[in-house]
Every structure is written in structure tokens, then in C-alpha cells.
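The values are calculated or read from the model by the stated rules, or taken from the named source; none is laboratory data. Predicted model, so just to flag it, every value in this text is computed and none were measured. Virtual Cβ from ideal backbone geometry, glycine too; neighbours counted across all protein chains shown. With ligands, DNA and RNA removed, areas are computed over all heavy atoms of the protein, side chains included. Shrake-Rupley method; radii C 1.70, N 1.55, O 1.52, S 1.80 Å.
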Amino acid sequence: MAPRLTPKRLKALRNAVAHPKGHIGQLVEITDTGKKIWLAATDEIALEKLGYADSIDDCGHIQGSPDPRDVHRGHPHFFSITDAGRQAVADAAQTPSTSATGNPSRSRTTTDKVKTMTATTGTIEILSFGYLHGAPDDAHLTIDLRHHFRDPHVSPELRYMTAHDAPVRAAVMATPGIKELITATVMQIEAFLAGPSASGRLVRIATGCAGGRHRAGTVALALQAALTGDTATAAELGIAGLAQPYAGRHLDVSLVHRDLDKPVVER
């Protein structure tokens with residue numbers, strides 16, 4: 001019999017999405033009565049067979065997959081959620097949530113919260129930039145990606161590419177914490193648009209990294225895809241579930257890459 005994504009296993013995946021590095025812990029949930037729900041070995045095996053979890057290091061390398069340059073030799077691998085697992089969580093967000101015990105849950109998923117907060121209209125300006133080329137103009141939200149998320153610039157094969165190139169987008173979106181940051185930013189934008197004085201006003205978002213060619217550009221593209229309901233682009237970026245609530249809303253979203261096409265800053 002093929003394994004199923006039971007409520008307990010789905011809850012474990014949701015916890016992993018919230019974890020900054022995507023790790024899956026054995027403690028799934030503590031119920032209102034104080035009962036602890038644990039992930040059993042059979043659950044872990046089922047998640048692996050479903051393709052939703054695997055032994056992955058913090059660089060996104062799956063244990064046993066090719067490592068011809070020995071880049072990942074010695075890296076500790078943890079039981080972590082895969083991109084397919086993240087997509088399963090996003091898909092499940094479109095249906096009523098259940099707890100690990102199988103009972104209806106009182107909590108709401110991130111996508112549910114976005115749906116309940118949405119304003120009917122809004123104008124959003126997104127700017128990607130590089131701090132090495134100067135600070136941006138004032139924005140309501142400025143996302144500094146320099147210090148907490150690895151820089152594709154350090155990889156010779158990616159250094160001269162930009163967010164227009166699929167390998168760069170894949171590398172940035174596979175970075176632990178990036179998808180969670182994008183989701184949180186979308187929710188912040190919704191909060192600005194829902195403000196009592198927000199009618200007719202725009203929200204400016206700036207995403208910055210060192211040179212503005214990799215991380216900032218990719219995150220800006222992901223925000224644009226989510227907020228415009230571009231599910232095809234969002235799916236390629238692994239955030240299709242985040243974009244789905246915006247399909248048909250027709251928010252006025254613009255994107256400018258200030259520094260993406262500038263020469264590489266050698267450092």
C-alpha cells in the first residue's frame with residue numbers, strides 16, 4: 001500500500017516549513033490537553049517514500065546524491081523537508097486544516113491568513129538593488145539579504161549569472177529560510193494595504209544584497225510572481241501556493257531591478 005500524507009505527517013511538514021533550516025523534528029504537536037504527538041519511524045519512512053523529506057545538509061545537498069567536487073564532504077545531514085514537501089504543504093493550505101490527531105485544527109495556515117487579510121486593491125512597487133552600488137530610496141519595507149543568506153557570488157559557476165538565469169534562481173530559492181521570508185514579506189505587504197489610511201496609496205518594497213545580481217533580484221521576482229498571481233513562475237520558484245490567492249486580484253505591481261545588469265563587483 002502506498003504511504004499517505006496523514007494529518008500528523010502534514011503537521012510535521014508544516015513545522016519544517018516554519019523551521020529556518022527546514023529540519024523535521026520528532027515532536028509534532030502538543031495538544032490542548034498537554035499530550036505530546038511524536039513522529040514515528042514509520043512516519044519518517046513514509047515521508048521519504050512520498051518524496052517530501054530526506055536527509056539534507058544546510059546547503060540543500062541530499063545525502064547520497066552526486067558530489068563530484070567533494071563540496072559537501074563532512075557536512076552534517078539532517079532529516080529535512082524537500083521542495084516537494086513544501087509544495088505539499090502549500091497545496092494542503094487550500095483545504096481545511098487538521099491537527100496531528102486528525103481533529104479539526106483551530107490554527108490557520110500562512111496562506112489562510114493571507115486570504116483573510118487581503119485588500120481589494122493596491123499599488124505595489126518592488127525594487128531590487130545592491131548595497132555596493134549605494135542605498136535605495138526610502139521604502140516601507142527594506143529586506144537586507146546580505147548577512148543571513150548565502151551569496152551565489154561565491155560560486156564561480158554562478159558569479160557572472162544573474163536572477164534572470166534559472167541556476168541562480170534555483171540556488172537562491174533553495175536557501176533555507178528564503179521561502180519563509182518571502183511568505184512573511186507578502187503578509188507584511190497585505191498588512192500595509194489593509195491599513196485604514198491605505199486607500200489609494202502605494203507600498204514600496206526594496207530587496208537588497210551585496211551586488212544586486214542574485215539574491216535581491218530573485219526575491220524581488222518571487223514577490224512579483226506571488227503578488228500578481230503568476231502561478232507558473234511561482235511554481236518554478238517553489239511558491240505556487242503563495243501565488244494562488246492572488247490570481248484574479250489584479251494588484252498593480254511593478255518591479256525595477258536597479259543593479260541587476262551592472263558589472264560584477266569583484267570582492
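For the criterion of being open to solvent by less than 60 Å² (accessible area, probe 1.4 Å) and not β-branched (Val, Ile, Thr), ALA222 passes. In this structure, is ALA93 farther than 18 Å from HIS23 by Cα, touching a residue at least 40 places away in the same chain (Cβ under 8 Å) and either crowded, with 17+ Cβ neighbours inside 10 Å or of a type in the set (Phe, Trp, Tyr) (or both)? For ALA93, the condition - farther than 18 Å from HIS23 by Cα, touching a residue at least 40 places away in the same chain (Cβ under 8 Å) and either crowded, with 17+ Cβ neighbours inside 10 Å or of a type in the set (Phe, Trp, Tyr) (or both) - is met. Residues in region 128-166 that are under 19 Å from ASP58 (Cβ atoms) and either assigned to a loop (DSSP other than H, G, I, E, B) or open to solvent by 40 Å² or more (accessible area, probe 1.4 Å) (or both): LEU145, ARG146, HIS147, HIS148, PHE149, ARG150, ASP151, VAL154, SER155.
Each residue in region 1-43 was checked for being assigned to a strand (DSSP E or B) and either under 20 Å from HIS77 (Cα atoms) or open to solvent by less than 60 Å² (accessible area, probe 1.4 Å) (or both), and 5 of them qualify. For beta carbons closer than 8 Å, sequence separation of 6+ or different chains, a first residue in region 25-46 that is among the hydroxyl-bearing types (Ser, Thr, Tyr) and a second that is assigned to a loop (DSSP other than H, G, I, E, B), the qualifying pairs are THR31/SER99; THR31/THR101. Restricting attention to region 147-183, the residues that are under 12 Å from the mean Cα position of the chain (by Cα) and of a type in the set (Ser, Thr, Tyr) add up to 2.
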